[in-house]
Amino acid sequence: MGTFAEIQIFAPVAPEQARAALIAARAELHAVDRLMAVQRPDSDVSRLNREGARHPVRVDVRVIEVLTSAMAMHALTAGAFDVTVLPVVRAWGFIDGHPRAPDAGVRHAIAGTQTLRIDPGKRTVAFTDASTQVDLGGIAKGYALDRVRDALCRHDIHSAFLDLGGSIATIGHPPDGPHWRIGVKHPRRAGELLGVITMDDAAMSTSGDTEQFVIRDGQRFGHIIDPRTGIPASALASATVVASSATLADALSTAAVVLGENDIRPALAATDAAGVFAAVAPDGVIRVSTSVRGGVSWAQP
Ligand code: AMP
Ligand code: MG
């Protein structure tokens, strides 16, 4: 998935137990990457993208699970979370690692999630449109973290901190205090924090245009696409969401960048999630707003 993973397990656990847990965790991460990365031609998702318009493609049960969650997130976010944005993401060079603005006037099709036919019984997926292409980049990291969290819990790990390229999940309490304190990066000033989130056993995800972007005519375009317009979303510079599952946090933070701080609120309320949003005001200043809930607090430096 083009990112680094960090897994910290806290004592008391025997070294062999920690090692077995880490091996299981790494296997989960590699499996999700192997199945879902569109950068890999041999992943289930890449195979689906090549063949799905011709016939139903049999995929791993985990791909069915993520696609099913993605459909639920599409419904919950009024269509803002849409895994069929891949043609546009590709056209902007965000898949091959060379971001660039596509030629003006060229429209890239977003077929829409209504063109997906998921059959959980047969474990197949098909496309009803020849232009459908799916990209699980906005949700797969969260799903991978949920799998790792489950794997560690099965190995009786009661305190852990997991970080997968901006998506975070925790187990239990930290070794040195009752709550996890996690810094949220400033979307424009490298090395600075926007603030600190305090939370218990939960998951947190940040999305935005800080790391993956293109500047064209002085305007910044990030890697999250607004499915309504077919161009990069510009509502927020960054969105951070804290939710009970990492899959949920991952998809909601991506959708928040599309919808903005007000329109994402119903989805956060429906899932009991909290959010911290950074918007760029017309004068260029970053303006922060929050939507907090019980068990999550926010402090600015
Ligand atoms: P994240 O870092 O989780 O916000 O994911 C960003 C990635 O999600 C992008 O690089 C695309 O692969 C994918 N993506 C972009 N726009 C959308 C969207 N509107 N809905 C779902 N996935 C998207
Ligand atoms: Mg996401």
Are there any pairs, at least 6 apart or on different chains, whose C-beta atoms fall under 8 Å, with the first in segment 194-222 and over 24 Å from D146 (Cα atoms) and without any contact (Cβ under 8 Å) to a residue 40 or more places away in the chain and the second crowded, with 19+ Cβ neighbours inside 10 Å and among the basic types (K, R), and if so, which?
T210/K185
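With the requirement that a residue be farther than 20 Å from T128 by Cβ and of a type outside the set (G, A, S), what does segment 82-106 give you?
Across segment 82-106, the qualifying residues are V89, R90, W92, F94, I95, D96, H98, P99, R100, P102, D103, V106.
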Quick one: S167 ticks every box in (1) within 16 Å of ligand 2 (Cβ to nearest atom); (2) within 25 Å of A14 (Cβ to Cβ); (3) hydroxyl-bearing (S, T, Y) bar one, so which box is it?
(2)
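It is to be established whether one or more residues within segment 220-231 are within 16 Å of ligand 2 (Cβ to nearest atom), among the small types (G, A, S) and over 20 Å from A140 (Cα atoms).
The answer is no, given that none of the residues of segment 220-231 is within 16 Å of ligand 2 (Cβ to nearest atom), among the small types (G, A, S) and over 20 Å from A140 (Cα atoms).
Specify which of the listed residues (A151, A190, A140) is among the small types (G, A, S) and within 16 Å of ligand 1 (Cβ to nearest atom).
Details: A151 fails: within 16 Å of ligand 1 (Cβ to nearest atom); A190 fails: within 16 Å of ligand 1 (Cβ to nearest atom).
Unique residue meeting the criteria: A140.
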Taking the stated definitions as given, is I95 out of contact with any strand residue (DSSP E or B) (no Cβ under 9 Å at 6 or more places or on another chain), closer than 22 Å to A5 by Cβ, more than 15 Å from ligand 2 (Cβ to nearest atom) and in a loop (DSSP other than H, G, I, E, B)?
yes
Among (1) over 15 Å from the mean Cα position of the chain (by Cα); (2) touching a residue at least 40 places away in the same chain (Cβ under 8 Å); (3) closer than 27 Å to M71 by Cβ; (4) more than 9 Å from ligand 1 (Cβ to nearest atom), there is one condition E261 misses while meeting the rest; what is its number?
(2)
Output for segment 2-55, where each listed residue is surrounded by fewer than 20 Cβ atoms within 10 Å (Cβ to Cβ), among the acidic types (D, E) and free of Cβ contacts under 8 Å to residues at least 24 places away in the same chain
E16, D42, E51
Which residue is nearest to D226 (Cα to Cα), if the candidates are limited to segment 252-266 and must be within 13 Å of ligand 2 (Cβ to nearest atom) and small (G, A, S)?
A255
For segment 19-41, check the following and say yes or no: at least one residue is polar (S, T, N, Q), at pLDDT 95 or above and out of contact with any His (no Cβ under 8 Å at 6 or more places or on another chain).
no
Would a scan of segment 48-56 turn up a residue that is under 18 Å from the mean Cα position of the chain (by Cα) and either modelled with pLDDT of 95 or more or in a loop (DSSP other than H, G, I, E, B) (or both)?
no
Got a sec? Which of A235, A270 is surrounded by fewer than 24 Cβ atoms within 10 Å (Cβ to Cβ), within 28 Å of P102 (Cβ to Cβ) and touching a helix residue (DSSP H, G or I) at 6+ places or on another chain (Cβ under 7 Å)?
A235
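The values are calculated or read from the model by the stated rules, or taken from the named source; none is laboratory data. Keep in mind that this is a model prediction, so the values were computed, not measured. No Cβ is skipped: glycine too gets one built from the backbone with ideal geometry, and neighbour counts run over all protein chains shown.
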